[in-house]
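What follows is a set of notes on a single structure, which appears directly below.
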Amino acid sequence: MQIKFGPDNSTVPIRGSATLGDELNAAFDQNKNADLTDHVQLQSLGDRTRVSDESFDLEKQERCKRVNLSPGFKGNACDKGPIHAINTLGGFDSFLDLWETTSEFYFDIHYNKRSELNSVAPFEIHGIAICWENSSVYYVNIPKDLLWSDNSKNECLHLSGSGNKSNVLPLEDMLEMARCRWKRIGEIMGKRGVRKFAWKLKIQIQALKSPAVHAQRFGCQNIAGKSTCFEIIDSSLLLLPPVHIKDGIDMCIVAWILWPDEERSSNPNLEKEVKKRLSSEAAAAANRNGRWKNQMRRAAHNGCCRRVAQIRALCSVLWKLLVSEGLTEALVNIEIPLVNILADMELWGVGLDMEGCLQARKVLGKKLRQLEKEAYKLAGVTFSLYTAADIANVLYGHLKLPIPEGHNKGKQHPSTDKHCLDLLRDEHPIIPIIKEHRTLAKLLNCTLGSICSLSRLSVKTQKYTLHGHWLQTSTATGRLSMEEPNLQDEKGSETNVDYYNINARDYFIPTQDNWLLLTADYSQIELRLMAHFSKDSALIEPLSKPEGDVFTMIAARWTRISEDSVSSHVRDQTKRLVYGILYGMGANSLAEQLDCSPEEASEKIRNFKSSFPGVASWLNEAVAYCRKKGYIETLKGRKRFLSKIKFGNSKEKSKAQRQAVNSICQGSAADIIKIAMINIYSVIVEGVERPDSTSQLATKLHILKGRCRILLQVHDELVLEVDPSVIKEAALLLQTSMENAVSLLVPLQVKLKVGKSWGSLQPFQADH
């Protein structure tokens, strides 16, 4: 992909027709001038990593181009570095007037996360850095600038009794003025139709939803018992009114949607992104624009002025690339609205039954000690069951058990992984003891230990809650992931320990007293997407039937037997075969899944494809399209760029071919559940009436606002907490939002469950 820039620096794609992204961004490009420097480096979508192999260099030459842009800032105003907003001509209110007239701007919040994890105000706000096209970087000191007098003396107002005799103002009057100015800032941040670019928008949203300022920064040591227009917390903090950011754009997500396959940490770094995407001149210019000359000011402002200048520089390049690739619609309609939802999900958290969790840990600890004693007795020596080297020494050295073939190469000690232990299960009675110990130790230390250590006691509800981090840019397919803790990995399997059943999901409960958990899980969504894309009538038919088992019907067709003759074994084999083909498994990998020879697996694949010729044709077409274009597209237009399918070695090409097919379905499934989340959130939080709802349905759903929350997204499943009095309405919203998220050639279906905990869910009945 190559890009040309016209005289006004608007983007002109060399290939392809106009896209919806071009229309959405017409106003943006009309006013968009060149950014901070003369030289901006556009790294191509194919240039994922700096690899020196010759084939990759060909891709780089084909798709990478350096473009010269003329300076966009008249008089080099930006090169003078940041300025305080109060130093604007006319004072702080004049700055607000100027800021309010912008059609788009860039911002970064200067905040600290408070150490009190259970606080109602987890963020302390210190300031905001703002800039827009052709402007300097402005810094708004919070609350100092909110108290600034715009008279000729340009003095900061002080509290009566603070010791300063000049410009004295009563506390109530001073705080009222601060409140009015903060309200104006909130109105600017919440103004629709004005794009607000940031880096890691989610945490900026969270910081402004419950912003606190220390009383000392108002010139008052203790405000307990005093009358203020702000809520007082812990006698020393003022809680400012929440600010809701509307039409924010996260440049971190923009970078990800352009380069989804690049490896990213869970905490993407703006500095690294700037160095990667911009020329050294552009990066240096952005640093100059945001760098304070005074070292103390630079440290005090925590780098937010530099970051906002870097965001502007990055945006001037990446937005053009985004538009030229036709990715704007996927960004604006799906990924950006999702940020606010994830921000709230993190703040709400998930309830934890701490008492039950601690009891389970006690039972597990006792059982592990028993297993260790049994292992020592069987081995005749004491050793650590937590150390692979010790286990290997006991098994292969002390007990002289045979080393499984192929598991003693290039290692410090022979392997003791699960596969090896399975091969040794009949060699010695210590083997099942070791396996059970590992399973229970993982449950105790990794699962229960993790959730207990990461939980915190809520001040509002006096319940323990978990507030994991949702990662929106960590997968190439677009699937969401989670960390600290990763609740998506909680499988819900039950472990029996001395007649005590332990299921980790049992300890995840609603955050509100007497509420219920309501879940909905898509049925065979990736298979349904394969039917939609392939248009295979033989696959569409069973998936369109409201009743019957899908895999039984598919098994009957490809094995050419009646449905009544399909055994549970054949059904299970069919399910493994279908998903193996969908995930691009070869005969060898599929043979392991089906417990047969590679030759038999190849024969099964051929029979399946002959029974479903539309699927076979689509698989070939998907790979051919990716080889021609260099990327695949999801249902809603997101792209995954797979340059290795053209320029890689044979192994890399095979991997890219598998990724091409799998990414279309997995990526589209990610699109669908994100759309469902957006539709649900708009009703339960924003109170928006759904466009497809009748007046009667709208009335029913309206009562859900504030009585229903999205807690988790686990791949194809959503977990909500609901006030029992509106459980029927919540179930209706959840089901219709998920099943009607998109229109396919086959219907989408979900299974609803309800319960007091995640582990005790039962099928939802309408007469619940």
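The values are calculated or read from the model by the stated rules, or taken from the named source; none is laboratory data. Predicted model, so just to flag it, every value in this text is computed and none were measured. All Cβ positions, even for glycine, are placed from backbone atoms using ideal geometry, and neighbour counts span all protein chains on display.
What to note about this one:
- Subset tally (residues that are touching a residue at least 24 places away in the same chain (Cβ under 8 Å) and closer than 30 Å to F508 by Cα) for the stretch 424-452: 16
- Scanning the stretch 235-252 for residues that are of a type in the set (V, I, T) and assigned to a loop (DSSP other than H, G, I, E, B) yields V243, I245.
- Restricting attention to the stretch 441-462, the residues being closer than 17 Å to G356 by Cβ and assigned to a helix (DSSP H, G or I) number 10.
- Per-region count, the stretch 575-626, residues closer than 24 Å to G648 by Cβ and of a type in the set (V, I, T): 3
- Residue within the stretch 324-342 that is surrounded by fewer than 22 Cβ atoms within 10 Å (Cβ to Cβ), within 22 Å of the chain's Cα centre (by Cα) and either more than 30 Å from L278 (Cα to Cα) or free of Cβ contacts under 8 Å to residues at least 12 places away in the same chain (or both) present: yes
- Residue within the stretch 273-284 that is part of a helix (DSSP H, G or I), within 16 Å of the chain's Cα centre (by Cα), buried (at least 20 other Cβ atoms within 10 Å of the Cβ) and touching a residue at least 24 places away in the same chain (Cβ under 8 Å) present: no
- When G161 is tested against (1) at pLDDT 95 or above; (2) surrounded by fewer than 21 Cβ atoms within 10 Å (Cβ to Cβ), only condition (1) is not met.
- Only one of N289, N267 that is under 15 Å from the mean Cα position of the chain (by Cα) and among the polar types (S, T, N, Q): N267
- When each of F647, F612, F608 is tested for being among the aromatic types (F, W, Y) and closer than 30 Å to T473 by Cα, the lone residue that passes is F647.
- Some residue of the stretch 493-514 being among the aromatic types (F, W, Y), surrounded by fewer than 17 Cβ atoms within 10 Å (Cβ to Cβ), touching a helix residue (DSSP H, G or I) at 6+ places or on another chain (Cβ under 7 Å) and in a strand (DSSP E or B): yes
- Filter pass, E325 being in the same structural domain as I245 (by TED's automatic domain parsing) and touching a helix residue (DSSP H, G or I) at 6+ places or on another chain (Cβ under 8 Å): yes
- Looking across the stretch 196-233 at every residue that is at pLDDT below 90 and on the phi > 0 side of the Ramachandran plot, the one that is farthest from the chain's Cα centre (by Cα) is identified as G225.
- Applying the set (1) part of a helix (DSSP H, G or I); (2) modelled with pLDDT under 95; (3) over 34 Å from the mean Cα position of the chain (by Cα) to R369 leaves exactly one unmet item: (2).
- Residue that is nearest to the chain's Cα centre (by Cα) [pool: residues in the stretch 415-431 that are more than 18 Å from V381 (Cβ to Cβ) and acidic (D, E)]: D417
- Residue that is in contact with a Ser or Thr (Cβ under 9 Å, 6 or more places away or on another chain), at pLDDT below 95, of a type outside the set (A, V, I, L, M) and more than 24 Å from L443 (Cα to Cα), where the choices are Q488, Q512: Q512
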